[in-house]
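J.: Below is a structure I'd like to ask you about.
The values are calculated or read from the model by the stated rules, or taken from the named source; none is laboratory data. Here the structure is a predicted model, which is why all the values come from computation and not from measurement. As a convention, Cβ positions derive from the backbone with ideal geometry for all residues, glycine included, and neighbour counts pool all protein chains shown.
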Amino acid sequence: MSLPFVEIPDREYILPGTRTCAGCGLTLAYRYILKALGPKTIVTLPACCLTILHGIYPKTPVAVNAVNTAFASTAASAAGLVAGLKATGQDGYVVVGMAGDGGTYDMGIQALSGAAERQTDFIYICYDNEAYMNTGVQRSSATPEGALTTTTPIEPKKQPKKDFIAIMEAHRPSYLATCCSAYPRDIYEKLLKAKDMGGTRFIHLYVPCPPGWGFPTNKTVELGRMAVETAVVVLFEIENGKFRLTGRSLTMARSGRKKPVEEYLRLQDRFRKMTPEQIESFQRDVNERWEQYLKKAELL
Ligand SMILES: Cc1ncc(C[n+]2csc(CCOP(=O)(O)OP(=O)(O)O)c2C)c(N)n1
Ligand code: SF4
Ligand SMILES: [Mg+2]
């Protein structure tokens, strides 16, 4: 996937003054998303940490158009924007629906499923920090088994993370890709590709969150890299039905090397109560999924 001659533009669309926490993975990723999509972007977003990044009306550090919508409505709002642009004959805009895991895996699933089934011409980005962070780290269906949250404070979460990427794959979007904020070039290239396609393009973006996961603010990139290098997060894309591993996940598949998940888990306070048996079971799940991806990529 790496395109060494693609220059990342110097122009910035996130200006100084965002209100996200220090070390926020979302901010790192959003910077490259907007560099790829450019100034004719309209983002529609529900309440979440991205709203915090966008700031309080009438001031914003973000230099693209944005619409704030209700929690369950991100994809419906995007579909309305697409229809409105068409009806008024305005060309050249990219419509993006962007929401957190709570606003996607839980509350936004119906509107997104409908829009994807109709092949609405837009990009949907789910940034996944694995809990309802904006309101104080409540569990979502994207929170992994074994994690402590403020709604699973004594016993860690018992249910496994919902496989939302598989749900979206079943909708057969024109493009589906996974990214992680620790790999900005991979994000940039995938968004550049998605921008020029028609139909529904779905991006799953993994964003480490220092206060929600319990790690120091200078470790965000290390955390993201460790997620990928242990195969807890796998970087891939599906284009015209063809599955391909990309970036670091592809080099790992070729070298046959991946790190034990414990190296990822022990960096985060939220997993401090996991027992050795739970860590073993987590490792087994990761291994199983990794093998499935290798088979899909025809590398096994
Ligand atoms: C209908 C509705 N329910 C609850 C809320 C309160 N609320 C605002 S942000 C938020 C958390 C969103 O979580 P997620 O989508 O994962 O994004 P994150 O905050 O993690 O970035 C909640 C519950 C709301 N704004 N609207
Ligand atoms: S709570 Fe997490 S995702 Fe939200 S702004 Fe802070 S670091 Fe970013
Ligand atoms: Mg979240």
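J.: Within the range 263-290, how many residues are under 17 Å from Val228 (Cβ atoms) and of a type in the set (Val, Ile, Thr)?
T.: Total satisfying the criteria: 1.
J.: Kindly state which strands (runs of 3 or more DSSP E) lie completely within the range 197-300 and contain at least 1 residues that are surrounded by fewer than 18 Cβ atoms within 10 Å (Cβ to Cβ).
T.: Correct list: 236-239, 242-245.
J.: Looking only at the range 142-164, decide whether some residue is near ligand 1 (Cβ under 10 Å from one of its atoms), in a loop (DSSP other than H, G, I, E, B) and not aliphatic (A, V, I, L, M).
T.: There is at least one residue in the range 142-164 that is near ligand 1 (Cβ under 10 Å from one of its atoms), in a loop (DSSP other than H, G, I, E, B) and not aliphatic (A, V, I, L, M).
J.: Here's a follow-up. Provide a single number: the residues in the range 38-61 that are away from ligand 1 (no atom under 15 Å from the Cβ) and under 20 Å from Asp128 (Cα atoms).
T.: Matching residues across the range 38-61 total 0.
J.: Return the only residue of Leu28, Leu34, Leu3 being away from ligand 3 (no atom under 16 Å from the Cβ), at pLDDT 95 or above and within 30 Å of Thr251 (Cα to Cα).
T.: Leu34
J.: Of all the helices (runs of 4 or more DSSP H) wholly in the range 1-120, which have at least 1 residues that are within 23 Å of Ala182 (Cβ to Cβ) and free of Cβ contacts under 8 Å to residues at least 40 places away in the same chain?
T.: 25-37, 49-54
J.: With the structure loaded, tell me whether Thr151 is crowded, with 20+ Cβ neighbours inside 10 Å and within 16 Å of ligand 3 (Cβ to nearest atom) or whether it fails that test.
T.: No: the conditions fail for Thr151.
J.: Further question: Does the range 177-193 contain any residue that is among the polar types (S, T, N, Q), surrounded by fewer than 23 Cβ atoms within 10 Å (Cβ to Cβ) and within 16 Å of ligand 2 (Cβ to nearest atom)?
T.: For the range 177-193, residues among the polar types (S, T, N, Q), surrounded by fewer than 23 Cβ atoms within 10 Å (Cβ to Cβ) and within 16 Å of ligand 2 (Cβ to nearest atom): absent.
J.: Output the residues belonging to the range 262-290 that are closer than 15 Å to Pro156 by Cβ and of a type in the set (A, V, I, L, M).
T.: Leu265, Met274, Ile279, listed by residue number.
J.: Could you look through the range 98-123, keep only residues that are closer than 20 Å to Asn65 by Cα and away from ligand 3 (no atom under 15 Å from the Cβ), and pick out the one that is nearest to the chain's Cα centre (by Cα)?
T.: Among those residues, the one meeting the criterion is Ile123.
J.: Based on what the data block shows, is Tyr175 of a type in the set (Phe, Trp, Tyr), under 18 Å from Asn240 (Cβ atoms) and modelled with pLDDT of 95 or more?
T.: Yes: the conditions hold for Tyr175.
J.: Okay, next question. Does Tyr30 satisfy the condition of being within 15 Å of ligand 1 (Cβ to nearest atom) and aromatic (Phe, Trp, Tyr)?
T.: yes
J.: Also, quick follow-up: Run down Lys195, Lys157, Lys162 and say which single residue is within 16 Å of ligand 3 (Cβ to nearest atom), among the basic types (Lys, Arg) and under 26 Å from Ala116 (Cα atoms).
T.: When all the criteria are applied, what remains is Lys162.
J.: How many of the residues in the range 96-110 are surrounded by 24 or more Cβ atoms within 10 Å (Cβ to Cβ) and away from ligand 1 (no atom under 12 Å from the Cβ)?
T.: Qualifying residue count for the region: 2.
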